[in-house]
Every structure is written in C-alpha cells, then in structure tokens.
1. Name every residue in segment B:54-69 that is part of a helix (DSSP H, G or I), more than 7 Å from chain A (Cβ to nearest Cβ) and not aliphatic (A, V, I, L, M), in order of residue number.
2. Please list, ordered by residue number, the helices (runs of 4 or more DSSP H) wholly in segment B:183-298 having 3 or more residues that are at pLDDT below 75.
3. Among what's in segment A:51-84 and is basic (K, R) and more than 10 Å from chain B (Cβ to nearest Cβ), pick the residue that is surrounded by the fewest Cβ atoms within 10 Å (Cβ to Cβ).
4. When the residues of segment B:33-44 are filtered to those that are farther than 17 Å from A:V41 by Cα and more than 7 Å from chain A (Cβ to nearest Cβ), which remaining residue is most open to solvent (accessible area, probe 1.4 Å)?
5. Suppose we keep only residues that are open to solvent by 60 Å² or more (accessible area, probe 1.4 Å) and not basic (K, R) within segment A:31-45. Which one would you say is nearest to the other protein chains (Cβ to nearest Cβ)?
6. Does segment A:38-46 contain any residue that is out of contact with any His (no Cβ under 7 Å at 6 or more places or on another chain), part of a loop (DSSP other than H, G, I, E, B), of a type outside the set (A, V, I, L, M, F, W, C) and in contact (Cβ under 8 Å) with a residue 60 or more places away in the chain?
7. Here are the criteria: (1) open to solvent by less than 30 Å² (accessible area, probe 1.4 Å); (2) at the interface with chain B (Cβ under 10 Å from one of its Cβ atoms). Tell me which single one A:L19 does not satisfy.
Amino acid sequence: MDTSQLLKGVLDLAVLAVLRDADGYGYDVLRRLRAAGLEEVADASVYGTLRRLFAAGALTSYVQPSEEGPHRKYYGLNKTGRELLARSTETWNHFADTMSVLLLEKEAA
Amino acid sequence: MNTTLTGAVAIYLAQVRAELSDLPPGELEDVLEDVSGHLTEVAAEFGTEPTITALQERLGSPRQYADELRTAAGYPPRTEPAGQGHLDTGWRALRWGLIAGTVGPFFVATGIFAWSRDETAFFGMLGFAVLFVSASLGVRALRGSDPRTVLDNPRGARGADVVRGWVDQIPPNIRTELVTIGQPVWWVARGVIGAGGFFALFGATSVTVVGSVAGAAVSIWIGRKTQRDRRWLWYVVPLNIVAAIAIPSFLAAAYAGASFGFFNNYNDYRGSNSNYNPPPSGLQLDGNQVTNIYPFDAQGNQVDVRLYDQDGNPISLDLQDCAANYGQVSRESKSNEFPQAVVVPDENGDTTEETCKDSTKAPFAPPPAPATRTTPAPLPNGRPSAAASAKASPSPGVTLTVKPTR
C-alpha cells in the first residue's frame, strides 16, 4: 500500500499535530513532518493544507521578519484548531483501533 | 511579501501563478506568498541558484505543483475554456507564433540581403509587419489563458519533447553557464546591434552610440519582462530570430567592409561608392562623358592635334569611325588624335556598312575667335605674335605635340 495515498486522508491531522506545540512557517511544518517520519509528504500539498485549515478558521497567521532572508508567514493553532485537533485525534484513534482489530481478526482466522 | 526572486525561482513562481490565475485575487496573493517562501527555502537547499530543470526535478512541474496545492487546499478545479475550444486556443496561438517566427524573419532577411535600397525597405517593412501582426494575433488567440496551453495538444507536446531532448544533450554545467553568462550577453548584444543598426541608418554617429546603449537597456528590460509574462514570447522569439540573422550579417559586413546587399545600398545612399561602383571609364568633364574633341586654333580654324596628359600619357578615346563600326580590326581601337572621325548618317538617318561615311568636321558651328583673350597683344617692337605667324602660314595639317614633362 502506498503511504502517500494514506497521507491524503490524514494530512490535516498531521499538520495540526506538528503545530500543537509551536507555531511554524510552511517550510518549517514540512521539515517537522519529514522529521516525524512522513517522508512521502508532497511539498505543495502541505502548503495547500495550511491554506485550507486557515480558510476553515482553524489557524491563525502572522508575518515575522527572519534574520537570514525574507519575512516568513507563520501559522499557529487557535481555539478552533485545538478543538479540531482533539476531535480529529479521537476519530483517528477510533479508526486506527478498528483497523487494528480488523487486521488482527484476519490474521487469527 | 517583499521578496525579490530572480532566475529560475521567479520563472517557476510565475508559472505556478499562471496555473492558479483563476483563484480570487486575495487568496491568490496569500497562497503565492507561501509558495514564494517555499521556493526561496528550496532554492537555498541547492546552495547555488538552481536551474529550472533542477527545480522541476525537486518539486515537479509548476502545473503538478499547482494541482497538488489546489487539491490539498480544496480550491475548485481550474476553470478553463471547455475541452475542444481549449485545444483550439493553444493550437491557434502556436500557429500564429510559428508564422511570426518564420515568415516575418524570412522577409526581413530577404530585405537585409536585397541588392537595392527599395527592396530592402519593402521586404524589411513587410517582414516586420508580418512578424508583429502574427505575434499580436497569437497573443490574442490565447484569450488570456496561460501561454503554455500551446503545448497542451499532441503537436505542441511532441515539439516540446523534441526541444527538451536537444537541451538534455547539453551537459548540465554548460547549460548553467549558457543561462547565467550567455543570456545577459545575448540581451546586451541584440539590443546594441539592433538599435545601433537602426540608428546608424538614419542618424549620426553620436545618435548611434546613444541609441545602442538605450537599445541594450530596453533589451534587458524586455528579457526580464518576458521571464515574468510568457506572452511576450510571441514577440520576443521572432525578434530573436531576426537578431540571430542580422547580428552575424552586421559583423560580417563590418569585417568585410560593408560591401554587400543592404550595407551597400546604405553606402550608395550616403554618397560613398568606393566599393561598389567602379570609377567611370573614359574621359569626363564635370561628370559628362566626352566622346570627341574638336580643337580650333586662335583664328577659329579647326586643327588636328594629338593630346597628352601632364605625365605624357596619351589622352585616347575609342575610335568611332566607319572602320571601328564595321569590322576593320587590325589597328588600335583607341587614338589620341583629335578630332576623331565619327559616322555621319545619310539623309534618311541610317547608316549601313556599304554606304558608311565618316567625318572629322565639327557637328556645330565653330565659335568666333575670342580675340581679346586668346590673341596676345602685339609686342612692343611691332613683331607679330606667335599666333599671328600661325595665321600668316596656316597649315591645317599641323600636329601640335605636347612634350612630356619627363
């Protein structure tokens, strides 16, 4: 199974997760996802996801100057974002459990 | 964002922008801010400024990038002119571009190498007219869609593949050099030569120098502009082809001394004929051909003479008597004895070999002797002057001989 297919469904959750502890700009989010082991994530889809979450009102956005180059646009979780992350986490856990059980039963059978 | 992107990154960004041009303006600017930041970071990964190919290997084509972004962001699918119309748009724009790039330069080249000034002007004007009209029709055929739609049809895609194949033949490091060094040099060269050549035709040297500098500046500006808005390609590519023909011609002409085609016409116009028109042959007086000389002495009598110049070289003209006209060949064809016999037509105005007559008689009434000027005043001792003695013993057959000075 292709991981990039799976990623499409859970990229929102992954992006929310890496922004939980600290705000980040696009490239920073990308790096955190890669560092977490999601190597297959496509650059452009991360930026698209940030835009969609922002449009949905789950993220705040602000521009900050950087020492080594252009200004960077940071994204961070707001209240809506935190709630969305909590809900999505629950959904994911439930889904993952269901899948695990399903796969275990298959193995046992 | 207040970033100034350059080179491949700017091109890539412009292409992504074109792909997303259907988004609402506010959202477009916001998302492009992110993309521009992203491209800056990716470019930094490369260490040196990346080539467009390197960027595409890393991120996919601008279209793929934009599509990924669109899907993930949940933007609506791109609104394009429906199916077949879209194909037609691309093909029509490409076709006008091809006409602008071939027919236009062909006529301009014909003009450059044409042998007369009129033809140069005619074909030059025709060529540029074809070029600009087809280019503008091409841009119009796009109807505001992304210029790269021209490659969205089988023929366009095949052409793009072929060109990409050629480009891949060039080693990557040379490709980089060509773009980083060759491109600015080309921009300056085409501007200097194009504007310089134009002003050289119509202006003085100082105008030409100023024109060349201005031309270089304009050319660079157009080059940068084209990187951002690819629609300029419809004009720039055909003009580049013209420049690619004209620049070697100009250089060759400068080297060979401006002695062919257009350059020669130009010289004729400016009154210099050093290379093309040989000096006129024969004997001339104030630009008119002198075909015979009828010497008269001081008393108005026609005399026979032999003429020499200041170096003792005979002043000879082609013989034009009956013998010269009808065959007699075993003699010199020129003579410095004057007057020369010329053929006299019969009463019907005709001449034939059998009845040919020639005469040394002047075909005009001999002028009255200008006594005051040509006859010296009598010497004080009353002896007649030289002219007077000539009159005393007129000898019609006398041959005046001018002694050579050396």
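The values are calculated or read from the model by the stated rules, or taken from the named source; none is laboratory data. Everything quoted here is computed from the prediction, not taken from an experiment. Neighbour counts are summed over all protein chains in view; Cβ atoms, including those assigned to glycine, are modelled from backbone coordinates with ideal geometry. What goes into the accessible areas is simple: the full protein's heavy atoms, side chains included, and nothing from ligands, DNA or RNA. Shrake-Rupley method; radii C 1.70, N 1.55, O 1.52, S 1.80 Å.
1. B:Q56, B:E57, B:R58, B:P62, B:R63, B:Q64, B:D67
2. Qualifying helices (runs of 4 or more DSSP H): B:183-202, B:233-256, B:261-269.
3. That would be A:K79.
4. Per the stated criteria, the residue is B:A44.
5. It comes out as A:E40.
6. Checked against the condition, which is being out of contact with any His (no Cβ under 7 Å at 6 or more places or on another chain), part of a loop (DSSP other than H, G, I, E, B), of a type outside the set (A, V, I, L, M, F, W, C) and in contact (Cβ under 8 Å) with a residue 60 or more places away in the chain, segment A:38-46 yields no hits at all.
7. Among (1) open to solvent by less than 30 Å² (accessible area, probe 1.4 Å); (2) at the interface with chain B (Cβ under 10 Å from one of its Cβ atoms), the lone unmet condition for A:L19 is (2).
Results for (1) of a type in the set (S, T, Y); (2) more than 30 Å from B:G182 (Cα to Cα); (3) open to solvent by 20 Å² or more (accessible area, probe 1.4 Å); (4) at the interface with chain A (Cβ under 10 Å from one of its Cβ atoms), shown as yes or no for each residue.
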| residue | (1), (2), (3), (4) |
| --- | --- |
| B:A8 | no, no, no, no |
| B:Q15 | no, no, yes, no |
| B:S21 | yes, yes, yes, no |
| B:E29 | no, yes, yes, no |
| B:F46 | no, no, yes, no |
| B:E49 | no, no, yes, no |
| B:I52 | no, no, yes, no |
